[in-house]
Amino acid sequence: MIIWLASYPKSGNTWVRSFLSAYYFTDDGMFNFDLLDNFKQFPSKDFINMKLSDPGEIVNYWHSIQDRLMENKKIKMLKTHNALISFNKTKFTLPKYSLGAVYILRDPRNLITSLKDHTDITYDEALRFMCNEDTILYDTSSGDYDATHFISSWSTHYKSWTSDNNIKTMVIKYEDLETDCNKIFKDLVIFINKLLKNSDVINEEKLYNAIKSTNFKNLRKKEELGEFKESVISLKTNKKVKFFNLGFENKWEKILPDKIKSKVNDKFADDLKYLNY
(Lines give C-alpha, C1' and ligand atoms only; values in the text may rest on other atoms or scores of the structure.)
Protein backbone atom coordinates (compact mmCIF):
# COMPACT_ATOMS: atom_id res chain seq x y z
CA MET A 1 0.00 0.00 0.00
CA ILE A 2 0.97 3.65 -0.33
CA ILE A 3 1.72 6.37 2.19
CA TRP A 4 1.28 9.66 0.34
CA LEU A 5 3.25 12.82 1.01
CA ALA A 6 1.01 15.38 -0.66
CA SER A 7 1.13 19.14 -1.01
CA TYR A 8 0.48 22.05 -3.30
CA PRO A 9 3.76 22.96 -5.05
CA LYS A 10 6.26 25.01 -3.02
CA SER A 11 4.64 24.15 0.30
CA GLY A 12 7.50 22.23 1.93
CA ASN A 13 7.10 18.76 0.43
CA THR A 14 10.81 18.36 -0.30
CA TRP A 15 11.81 19.37 3.22
CA VAL A 16 9.44 16.89 4.87
CA ARG A 17 10.40 14.22 2.34
CA SER A 18 14.06 14.81 3.18
CA PHE A 19 13.37 14.35 6.89
CA LEU A 20 11.39 11.15 6.34
CA SER A 21 14.09 9.80 4.03
CA ALA A 22 16.76 10.49 6.65
CA TYR A 23 14.79 8.83 9.44
CA TYR A 24 13.43 5.79 7.62
CA PHE A 25 16.15 5.02 5.09
CA THR A 26 19.36 5.46 7.09
CA ASP A 27 20.86 3.89 10.18
CA ASP A 28 21.96 7.15 11.76
CA GLY A 29 19.51 9.79 10.49
CA MET A 30 22.12 11.72 8.50
CA PHE A 31 20.65 13.06 5.27
CA ASN A 32 21.98 13.26 1.75
CA PHE A 33 19.98 14.02 -1.38
CA ASP A 34 20.51 10.53 -2.84
CA LEU A 35 18.08 9.30 -0.18
CA LEU A 36 15.21 11.00 -2.01
CA ASP A 37 15.40 8.19 -4.56
CA ASN A 38 13.61 6.08 -1.94
CA PHE A 39 10.68 8.50 -2.10
CA LYS A 40 9.54 8.61 -5.74
CA GLN A 41 7.20 11.17 -7.23
CA PHE A 42 3.87 9.88 -8.49
CA PRO A 43 3.13 10.04 -11.31
CA SER A 44 6.50 10.18 -13.06
CA LYS A 45 8.68 8.30 -15.54
CA ASP A 46 9.70 6.03 -12.66
CA PHE A 47 6.34 4.31 -13.16
CA ILE A 48 5.57 4.86 -16.85
CA ASN A 49 7.87 3.54 -19.58
CA MET A 50 6.00 4.95 -22.55
CA LYS A 51 5.65 8.37 -24.13
CA LEU A 52 2.32 10.06 -23.53
CA SER A 53 1.07 12.51 -26.12
CA ASP A 54 -1.47 14.37 -24.00
CA PRO A 55 -1.65 15.38 -20.29
CA GLY A 56 -5.02 13.69 -19.87
CA GLU A 57 -3.58 10.29 -20.78
CA ILE A 58 -1.93 10.00 -17.37
CA VAL A 59 -5.35 9.39 -15.80
CA ASN A 60 -5.57 6.03 -17.59
CA TYR A 61 -2.54 4.84 -15.62
CA TRP A 62 -3.35 6.11 -12.12
CA HIS A 63 -5.00 2.90 -10.94
CA SER A 64 -3.08 0.39 -13.05
CA ILE A 65 0.22 1.62 -11.61
CA GLN A 66 -1.16 1.51 -8.07
CA ASP A 67 -2.47 -2.00 -8.75
CA ARG A 68 1.04 -2.97 -9.77
CA LEU A 69 2.50 -1.44 -6.62
CA MET A 70 0.09 -3.54 -4.56
CA GLU A 71 1.35 -6.77 -6.10
CA ASN A 72 4.64 -6.88 -4.18
CA LYS A 73 2.78 -6.25 -0.90
CA LYS A 74 5.35 -3.69 0.19
CA ILE A 75 4.54 -0.27 1.59
CA LYS A 76 5.67 2.58 -0.64
CA MET A 77 6.11 6.20 0.37
CA LEU A 78 5.30 8.45 -2.59
CA LYS A 79 5.41 12.20 -3.13
CA THR A 80 2.66 13.87 -5.12
CA HIS A 81 1.38 17.33 -5.97
CA ASN A 82 -1.82 15.90 -7.44
CA ALA A 83 -5.08 16.98 -5.85
CA LEU A 84 -7.21 14.16 -4.49
CA ILE A 85 -9.81 14.69 -7.19
CA SER A 86 -11.52 12.78 -9.96
CA PHE A 87 -10.82 13.35 -13.62
CA ASN A 88 -12.84 11.65 -16.36
CA LYS A 89 -14.65 9.75 -13.58
CA THR A 90 -11.37 8.35 -12.22
CA LYS A 91 -10.23 9.31 -8.73
CA PHE A 92 -6.52 9.90 -8.23
CA THR A 93 -6.25 7.18 -5.59
CA LEU A 94 -8.58 4.96 -3.58
CA PRO A 95 -8.57 3.70 0.04
CA LYS A 96 -7.62 0.21 -1.14
CA TYR A 97 -4.31 1.63 -2.37
CA SER A 98 -3.71 4.17 0.38
CA LEU A 99 -2.49 3.30 3.85
CA GLY A 100 -2.44 6.96 4.82
CA ALA A 101 -1.28 10.43 3.86
CA VAL A 102 0.69 13.39 5.15
CA TYR A 103 -0.50 16.73 3.81
CA ILE A 104 1.69 19.83 4.03
CA LEU A 105 -0.23 23.10 4.09
CA ARG A 106 1.27 26.55 3.56
CA ASP A 107 -0.17 30.03 3.95
CA PRO A 108 -0.95 31.14 0.36
CA ARG A 109 0.46 34.59 1.11
CA ASN A 110 3.87 33.00 1.68
CA LEU A 111 3.44 30.36 -0.98
CA ILE A 112 2.82 32.90 -3.75
CA THR A 113 6.29 34.45 -3.43
CA SER A 114 7.96 31.05 -3.45
CA LEU A 115 5.93 30.01 -6.49
CA LYS A 116 6.71 33.27 -8.30
CA ASP A 117 10.45 33.00 -7.70
CA HIS A 118 10.62 29.32 -8.58
CA THR A 119 8.76 29.62 -11.87
CA ASP A 120 9.97 33.04 -13.03
CA ILE A 121 6.49 34.53 -13.24
CA THR A 122 4.90 37.69 -11.84
CA TYR A 123 2.80 37.89 -8.69
CA ASP A 124 -0.36 38.34 -10.74
CA GLU A 125 0.49 35.30 -12.85
CA ALA A 126 1.19 33.28 -9.72
CA LEU A 127 -2.14 34.32 -8.21
CA ARG A 128 -4.01 33.31 -11.38
CA PHE A 129 -2.18 29.99 -11.26
CA MET A 130 -3.28 29.45 -7.64
CA CYS A 131 -6.91 30.36 -8.37
CA ASN A 132 -7.33 28.33 -11.56
CA GLU A 133 -9.44 25.21 -11.00
CA ASP A 134 -7.97 23.68 -14.17
CA THR A 135 -4.28 24.11 -13.32
CA ILE A 136 -2.16 21.20 -14.55
CA LEU A 137 1.59 20.75 -14.04
CA TYR A 138 3.88 18.89 -16.42
CA ASP A 139 7.40 19.22 -17.79
CA THR A 140 7.03 21.38 -20.87
CA SER A 141 10.75 21.12 -21.67
CA SER A 142 10.63 17.38 -22.31
CA GLY A 143 7.42 17.37 -24.33
CA ASP A 144 6.27 14.34 -22.35
CA TYR A 145 3.48 14.03 -19.84
CA ASP A 146 4.47 11.14 -17.57
CA ALA A 147 4.73 13.51 -14.59
CA THR A 148 1.45 15.34 -15.15
CA HIS A 149 -0.19 16.57 -11.95
CA PHE A 150 -3.77 17.81 -11.79
CA ILE A 151 -3.38 20.31 -8.97
CA SER A 152 -6.45 22.53 -9.48
CA SER A 153 -6.58 25.68 -7.33
CA TRP A 154 -4.80 26.06 -4.01
CA SER A 155 -8.13 26.06 -2.17
CA THR A 156 -9.48 22.96 -3.92
CA HIS A 157 -6.15 21.19 -3.48
CA TYR A 158 -5.92 21.42 0.31
CA LYS A 159 -9.63 20.68 0.74
CA SER A 160 -9.40 17.57 -1.44
CA TRP A 161 -6.80 15.97 0.84
CA THR A 162 -7.82 17.29 4.25
CA SER A 163 -11.56 16.63 3.93
CA ASP A 164 -11.31 13.05 2.66
CA ASN A 165 -12.32 10.82 5.59
CA ASN A 166 -11.46 7.58 3.78
CA ILE A 167 -7.68 8.04 4.07
CA LYS A 168 -5.97 8.62 7.41
CA THR A 169 -4.24 11.96 7.02
CA MET A 170 -1.89 14.01 9.16
CA VAL A 171 -1.88 17.71 8.26
CA ILE A 172 1.28 19.75 8.82
CA LYS A 173 1.32 23.52 8.58
CA TYR A 174 4.60 24.69 7.07
CA GLU A 175 4.63 27.74 9.35
CA ASP A 176 4.42 25.54 12.46
CA LEU A 177 7.67 23.88 11.48
CA GLU A 178 9.41 27.17 12.24
CA THR A 179 8.12 27.33 15.81
CA ASP A 180 7.84 23.66 16.79
CA CYS A 181 9.82 21.58 14.31
CA ASN A 182 11.03 18.98 16.85
CA LYS A 183 7.53 18.18 18.13
CA ILE A 184 5.94 18.07 14.70
CA PHE A 185 8.55 15.77 13.22
CA LYS A 186 8.35 13.52 16.28
CA ASP A 187 4.56 13.41 15.91
CA LEU A 188 5.09 12.63 12.23
CA VAL A 189 7.25 9.60 13.06
CA ILE A 190 4.62 8.42 15.54
CA PHE A 191 1.92 8.79 12.85
CA ILE A 192 3.96 6.92 10.22
CA ASN A 193 4.87 4.17 12.67
CA LYS A 194 1.20 3.65 13.49
CA LEU A 195 0.41 3.32 9.79
CA LEU A 196 3.26 0.84 9.45
CA LYS A 197 2.14 -0.99 12.63
CA ASN A 198 5.68 -0.47 13.82
CA SER A 199 5.85 -0.81 17.60
CA ASP A 200 9.49 0.28 17.86
CA VAL A 201 10.14 3.21 20.18
CA ILE A 202 11.43 6.36 18.53
CA ASN A 203 15.20 6.41 18.10
CA GLU A 204 15.87 9.79 19.70
CA GLU A 205 19.43 10.10 18.38
CA LYS A 206 18.33 9.24 14.87
CA LEU A 207 15.42 11.67 15.14
CA TYR A 208 17.76 14.44 16.29
CA ASN A 209 20.18 13.77 13.42
CA ALA A 210 17.36 13.64 10.85
CA ILE A 211 15.96 16.98 12.03
CA LYS A 212 19.36 18.67 12.21
CA SER A 213 20.70 17.36 8.91
CA THR A 214 17.54 18.44 7.04
CA ASN A 215 17.08 21.91 8.47
CA PHE A 216 16.62 24.57 5.82
CA LYS A 217 20.13 26.00 6.10
CA ASN A 218 21.73 22.59 5.60
CA LEU A 219 19.52 21.80 2.62
CA ARG A 220 20.29 25.17 1.05
CA LYS A 221 24.03 24.64 1.58
CA LYS A 222 23.85 21.21 -0.05
CA GLU A 223 22.03 22.75 -3.00
CA GLU A 224 24.74 25.42 -3.32
CA LEU A 225 27.32 22.63 -3.44
CA GLY A 226 25.46 21.11 -6.41
CA GLU A 227 24.08 18.10 -4.56
CA PHE A 228 20.40 18.75 -5.28
CA LYS A 229 19.32 16.92 -8.45
CA GLU A 230 15.82 18.39 -8.77
CA SER A 231 16.80 21.99 -9.55
CA VAL A 232 15.01 23.56 -12.51
CA ILE A 233 16.41 25.84 -15.20
CA SER A 234 14.95 29.31 -15.66
CA LEU A 235 13.49 29.79 -19.12
CA LYS A 236 14.40 33.49 -18.87
CA THR A 237 18.01 33.29 -17.70
CA ASN A 238 18.89 29.68 -18.60
CA LYS A 239 20.36 29.33 -15.10
CA LYS A 240 19.40 27.08 -12.22
CA VAL A 241 16.66 28.51 -10.03
CA LYS A 242 17.35 28.34 -6.30
CA PHE A 243 15.01 25.74 -4.83
CA PHE A 244 15.85 26.35 -1.18
CA ASN A 245 15.63 30.09 -1.47
CA LEU A 246 13.95 32.07 1.34
CA GLY A 247 12.48 29.45 3.66
CA PHE A 248 11.18 31.11 6.82
CA GLU A 249 12.61 34.43 5.63
CA ASN A 250 9.64 34.46 3.25
CA LYS A 251 7.36 36.65 5.37
CA TRP A 252 4.36 37.85 3.39
CA GLU A 253 3.81 40.79 5.73
CA LYS A 254 7.19 42.24 4.70
CA ILE A 255 7.61 40.90 1.16
CA LEU A 256 4.27 41.10 -0.61
CA PRO A 257 3.44 44.32 -2.45
CA ASP A 258 0.34 45.93 -0.90
CA LYS A 259 -1.69 45.42 -4.07
CA ILE A 260 -0.96 41.68 -4.19
CA LYS A 261 -1.42 41.33 -0.44
CA SER A 262 -4.91 42.77 -0.80
CA LYS A 263 -5.74 40.51 -3.75
CA VAL A 264 -4.60 37.32 -2.01
CA ASN A 265 -6.42 38.22 1.21
CA ASP A 266 -9.56 38.83 -0.81
CA LYS A 267 -9.34 35.73 -3.00
CA PHE A 268 -8.71 33.36 -0.10
CA ALA A 269 -10.55 35.20 2.68
CA ASP A 270 -12.74 32.24 3.66
CA ASP A 271 -9.82 29.80 3.54
CA LEU A 272 -7.56 32.01 5.64
CA LYS A 273 -10.28 32.32 8.27
CA TYR A 274 -11.06 28.60 8.25
CA LEU A 275 -7.38 27.67 8.57
CA ASN A 276 -6.63 30.30 11.23
CA TYR A 277 -4.05 32.00 9.05
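The values are calculated or read from the model by the stated rules, or taken from the named source; none is laboratory data. What you see is a predicted model, and the numbers here were worked out from it, not measured in a lab. Virtual Cβ from ideal backbone geometry, glycine too; neighbours counted across all protein chains shown. Note: accessible area is taken over every heavy atom of the protein model, side chains too, but ligands, DNA and RNA are not part of it. Shrake-Rupley method; radii C 1.70, N 1.55, O 1.52, S 1.80 Å.
Worth a mention:
- Filtered residue count, region 142-154, keeping only those that are open to solvent by 20 Å² or more (accessible area, probe 1.4 Å), in contact (Cβ under 8 Å) with a residue 24 or more places away in the chain and not hydrophobic (A, V, I, L, M, F, W, C): 2
- Tally of residues being modelled with pLDDT under 95, open to solvent by 10 Å² or more (accessible area, probe 1.4 Å) and under 19 Å from Lys273 (Cα atoms) across region 110-132: 1
- One residue alone among Lys197, Lys251, Lys261, Lys229 is modelled with pLDDT of 85 or more, basic (Lys, Arg) and open to solvent by 60 Å² or more (accessible area, probe 1.4 Å), and that residue is Lys197.
- The lone criterion from (1) assigned to a strand (DSSP E or B); (2) at pLDDT below 95 left unmet by Met170 is number (2).
- Scanning region 1-16 for residues that are open to solvent by less than 10 Å² (accessible area, probe 1.4 Å) and either without any contact (Cβ under 8 Å) to a residue 24 or more places away in the chain or closer than 12 Å to Leu188 by Cβ (or both) gives Ile3, Leu5, Val16.
- Residue pairs whose Cβ atoms lie under 6 Å apart, sitting 6 or more positions apart in sequence or on different chains, and linking a residue in region 197-223 that is in a loop (DSSP other than H, G, I, E, B) to a partner that is at pLDDT 80 or above, are Ile202/Val189; Thr214/Ser18; Thr214/Phe19; Thr214/Ala22; Thr214/Phe31.
- So Ala101, is it among the aliphatic types (A, V, I, L, M), crowded, with 17+ Cβ neighbours inside 10 Å and part of a loop (DSSP other than H, G, I, E, B): no
- Some residue of region 103-116 being of a type in the set (Lys, Arg) and in contact (Cβ under 8 Å) with a residue 40 or more places away in the chain: yes
- Condition check for Trp161: out of contact with any His (no Cβ under 8 Å at 6 or more places or on another chain), open to solvent by less than 10 Å² (accessible area, probe 1.4 Å) and over 24 Å from Arg68 (Cα atoms): no
- Only a single criterion out of (1) at pLDDT 95 or above; (2) not aromatic (Phe, Trp, Tyr); (3) not in a strand (DSSP E or B) is not satisfied by Thr179, namely (1).
- Selection status of Ser213, of a type in the set (S, T, N, Q), more than 17 Å from the chain's Cα centre (by Cα), modelled with pLDDT under 95 and open to solvent by less than 30 Å² (accessible area, probe 1.4 Å): yes
Residues are listed down the side, and each one gets a yes or a no for (1) farther than 20 Å from Ser213 by Cα; (2) more than 15 Å from the chain's Cα centre (by Cα); (3) in a loop (DSSP other than H, G, I, E, B):
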site: Ser11; (1), (2), (3): no, no, yes
site: Arg17; (1), (2), (3): no, no, no
site: Leu20; (1), (2), (3): no, no, no
site: Ile48; (1), (2), (3): yes, yes, yes
site: Leu52; (1), (2), (3): yes, yes, yes
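- Subset of region 255-277 [assigned to a loop (DSSP other than H, G, I, E, B) and among the hydroxyl-bearing types (Ser, Thr, Tyr)]: Tyr277
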